[in-house]
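Working notes, beginning with the structure itself.
The values are calculated or read from the model by the stated rules, or taken from the named source; none is laboratory data. Here the structure is a predicted model, which means the values were calculated and not measured. Positions of Cβ are backbone-derived with ideal geometry, glycine not excepted, and every protein chain shown enters the neighbour counts.
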Amino acid sequence: MKNINPTTTKAWKELEDHYKEIQVEHMKNMFNNDEERADKFTIKWEDFYLDYSKNRMNETTGKLLNKLAVECGLKEAMDAYFQGDAINQTEGRPVLHTALRASKTANVQVHGENVIPEVQEVKEKIRTFTDEVIEGKRKGFTGKKFTDIVNIGIGGSDLGPVMVADSLKFYQNHLNLHFISNVDGDHVHDTIQDLNPETTLFVIVSKTFTTMETISNATTVREWFLKKAPEKEVSKHFVAVSTNLNKVESFGIDPDNIFPMWDWVGGRFSLWSAVGLSVALGIGYNNFESLLEGARKMDDHFRNTDFEKNIPVQLALISIWYNNFFGAESEAVIPYSQYLDKFPSYLQQAIMESNGKSVDRNGEKVNYQTGTIIWGEPGTNSQHAFFQLIHQGTKLIPADFIGFKESLFGDQGHHDKLMANYFAQTEALLNGKREEVVEEELRSMRFSQEEIDRIKSFKVFEGNNPTNTLLVQKLTPESLGKLIAMYEHKIFVQGVIWNIFSYDQWGVELGKQLANKILSDFKSNNSEGHDSSTQNLLKFYMN
C-alpha cells in the first residue's frame, strides 16, 4: 500500500478550505436549498437503505472526500487487501478474514497457496461437529445430551461470538450459550455454579493457548469438572480453537476436537472462523453459514462498487470529515433493536483497537487525528440516558442509527412505537427547535411572558447534529453478516486514508507484560521497582 500522509494531498487542502466555508451552515438550509438532497445522499443496496443526507456536507464535500480516497490509493489498497498481500506489515501477515466467507470457487493466495480449500475443510468440520451436538449424537461422559455450551475466550475470541449470539438469540436452538472472558474469578464461578458438568460442553478459544485470562478460566473450569468426572472424560467435554496443538493436547483435549486458526486472521475479525463455533452450536450451522453469506455479499459490494455508491467507503469518509475537520472525537452507534445490545461494545474493540494508532506506516508520528471513540446503547433506552448530551450539549457527536423494517415477533404496535422514536430522533437532531417555536408552545400552555422569558432558552434546540440512518428489512443472520462486514470495511478505509496499520495492536502488550511482573510481585510480597504511586497501591493491596 502507498504511504501517503493525507494532509499533504491536494484533496485534504481543498477540504480544509471547503470546511471554512461550510462549517457554520445549518443542514436545514441545505435541505431547503435542494429539494433532491435526500435522494442524492441515499444508497439502496439489497435490503439496506442508507440515508446520509442528515450530515453537514454537500455535493462538493462528497466529491472532495472521494478525491481524497483516490489520492490516498484506496482502490489499490483494496486490491492488496483482498488478494492476500501482507498489509499487516509490522507482523508480516496478510489480512484475510474476507477469505473465511469467500465462495468455494474463490482463489485467495497466501504465500503462493490457495487457502480456500483449507477454509472449506474447517467449515465442514464445524458443520459435522455442530450437527452431532445439536442432534444429540455427541454426548457427555454419562451418556446425556449436551444442554449448555460455554465459550471461554477474551477479546476477539469473546466479543465477536458473544455479540453474534446475543444478536441472533431469536434464532437460537435448545442449547444454552454462556460466555466466560474476564479473569475476575467471580465471573467464572458465577457462570458455572448452576451448570451440570454431565451436560455442559466447553469451547476454549485461544490462538496460542497461553492467553492468561483464557487459560486461567479454562483451568478453573477443568478443576470444577474433575470434581464430578474422571480425568479421561475431559476429552468429551472440552474442545479448543487454537494453533498450539501440544498445549491443547496436554490439557486433555482430543486432537480430533481441535479447530485450527490462521495467523492471517486478526482476533477481532475472527468470528467468521472456528472462533464462531459456539455461535454455530447455538443457532445451527445453516444460520451460521447465512451469517457468512451476508458478509460475503458486503465484501462483493465493497470491492466492486464505485466509491460514490459504496456504503462502507461513504461511511468512512463521513467519519473522517467529522474527525479531522470538525474535530469530533467520538461517534455514537444507536441500534434500534434490543438484540443488538452488544453491538456497540463489539465495534469499540473492532474500531478502537484497529485505528487507535499515533504512528503512520512510515513509522513516524502522525500530525493529525486518527481513531474515533465509539460508544452507544440501543434505542429507546439510550434516549433516556445520554441523548440529552447529543441534543443540547457542547460536543459534536455524529451518530449512526440502525433500524429494521420488520420486528421478529411481529408485534406491530410495539415496533411502530420503536420506529417512531428512531425516525423522530434523527429529525429532531437535524432540525432542533427554534426560540419562536418554544415561545409559541409556552404561550399555548398559558405561561406568562415573564415565565416564557425565564425558561425559553432552556428549551431551545440548535439542531444541526449529524446522523446516518441505516434501515434494514429484518434482523436475520444474513443481514447481521452484512452489517458487521460493513463496519469492518469502514475500518479498513479509514486506516488507509490515515496511513496507519489497522491490523496490529501493540498497544495492548505493555499492560500484559507489567501484569505478569506484578503477579510475580504478589508471590514474593515485593512492591519495589515501580513508580511511587503503584508501589503505594501494591503495599495497600498486599498488606
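Could you tell me whether GLY252 is within 27 Å of ILE351 (Cα to Cα) and either aliphatic (A, V, I, L, M) or buried (at least 16 other Cβ atoms within 10 Å of the Cβ) (or both)? It is false that GLY252 is within 27 Å of ILE351 (Cα to Cα) and either aliphatic (A, V, I, L, M) or buried (at least 16 other Cβ atoms within 10 Å of the Cβ) (or both).
Starting from residues that are of a type in the set (S, T, N, Q) and in contact (Cβ under 8 Å) with a residue 40 or more places away in the chain, keep the ones in segment 192-208 and report whichever is surrounded by the fewest Cβ atoms within 10 Å (Cβ to Cβ). Of everything passing the filter in segment 192-208, ASN196 is surrounded by the fewest Cβ atoms within 10 Å (Cβ to Cβ).
All conditions in (1) assigned to a loop (DSSP other than H, G, I, E, B); (2) surrounded by 15 or more Cβ atoms within 10 Å (Cβ to Cβ) hold for GLU25, with the sole exception of (2). Scanning segment 424-447 for residues that are touching a Phe, Trp or Tyr at 6+ places or on another chain (Cβ under 9 Å) and within 21 Å of GLY379 (Cα to Cα) yields GLN425, THR426, ALA428, LEU429, LEU430, ASN431, GLY432. With respect to HIS189, is the statement that it is exposed (fewer than 15 other Cβ atoms within 10 Å of the Cβ) and assigned by TED's automatic domain parsing to the domain that holds GLY252 true? Considered against the rule, which asks whether it is exposed (fewer than 15 other Cβ atoms within 10 Å of the Cβ) and assigned by TED's automatic domain parsing to the domain that holds GLY252, HIS189 comes out as yes. With respect to the conditions (1) surrounded by fewer than 23 Cβ atoms within 10 Å (Cβ to Cβ); (2) outside any loop (DSSP other than H, G, I, E, B); (3) in contact with a helix residue (DSSP H, G or I) (Cβ under 8 Å, 6 or more places away or on another chain), ALA328 falls short on a single one, namely (2).
Going by the conditions given, is ILE500 of a type in the set (A, V, I, L, M), on the phi < 0 side of the Ramachandran plot and in contact with an Asp or Glu (Cβ under 7 Å, 6 or more places away or on another chain)? Yes, satisfied. Scanning segment 158-170 turns up one or more residues that are in contact (Cβ under 8 Å) with a residue 12 or more places away in the chain, hydroxyl-bearing (Ser, Thr, Tyr) and either surrounded by 19 or more Cβ atoms within 10 Å (Cβ to Cβ) or part of a strand (DSSP E or B) (or both). All conditions but one from (1) farther than 30 Å from ASP300 by Cβ; (2) assigned by TED's automatic domain parsing to the domain that holds LEU50 apply to LEU470; the one that does not is (1). Among the candidates ASN3, ASN55, the residue that is within 25 Å of the chain's Cα centre (by Cα) and assigned to a loop (DSSP other than H, G, I, E, B) is uniquely ASN55. Hey, could you check segment 442-496 for residues that are charged (D, E, K, R) and more than 42 Å from the chain's Cα centre (by Cα) and say which is farthest from TYR171 (Cα to Cα)? Among residues in segment 442-496 that are charged (D, E, K, R) and more than 42 Å from the chain's Cα centre (by Cα), the one farthest from TYR171 (Cα to Cα) is GLU450. Taking segment 424-543 as the region of interest, the helices (runs of 4 or more DSSP H) fully inside it that hold 2 or more residues being in contact with a Cys (Cβ under 8 Å, 6 or more places away or on another chain) are 477-498. Would you check if LYS104 is in a loop (DSSP other than H, G, I, E, B) and basic (Lys, Arg)? Yes: the conditions hold for LYS104.
Considering the conditions (1) among the acidic types (Asp, Glu); (2) surrounded by fewer than 19 Cβ atoms within 10 Å (Cβ to Cβ); (3) in contact with a Phe, Trp or Tyr (Cβ under 7 Å, 6 or more places away or on another chain), GLU509 is excluded by exactly one of them, (3). If I filter segment 117-127 for residues that are over 22 Å from GLY282 (Cα atoms), without any contact (Cβ under 8 Å) to a residue 24 or more places away in the chain, not charged (D, E, K, R) and not in a helix (DSSP H, G or I), do I get at least one hit? For segment 117-127, residues over 22 Å from GLY282 (Cα atoms), without any contact (Cβ under 8 Å) to a residue 24 or more places away in the chain, not charged (D, E, K, R) and not in a helix (DSSP H, G or I): absent.
Return the pairs, sorted by first residue and then second, in which the second residue is exposed (fewer than 15 other Cβ atoms within 10 Å of the Cβ), the first residue lies in segment 356-367 and is under 14 Å from MET1 (Cβ atoms), the beta carbons are less than 6 Å apart, and the residues are 6+ apart or on different chains. Partner pairs satisfying both residue conditions: ARG361/ASN3; ASN362/ASN3. All conditions but one from (1) closer than 22 Å to GLY481 by Cα; (2) in contact (Cβ under 8 Å) with a residue 40 or more places away in the chain; (3) not basic (Lys, Arg) apply to GLN348; the one that does not is (2).
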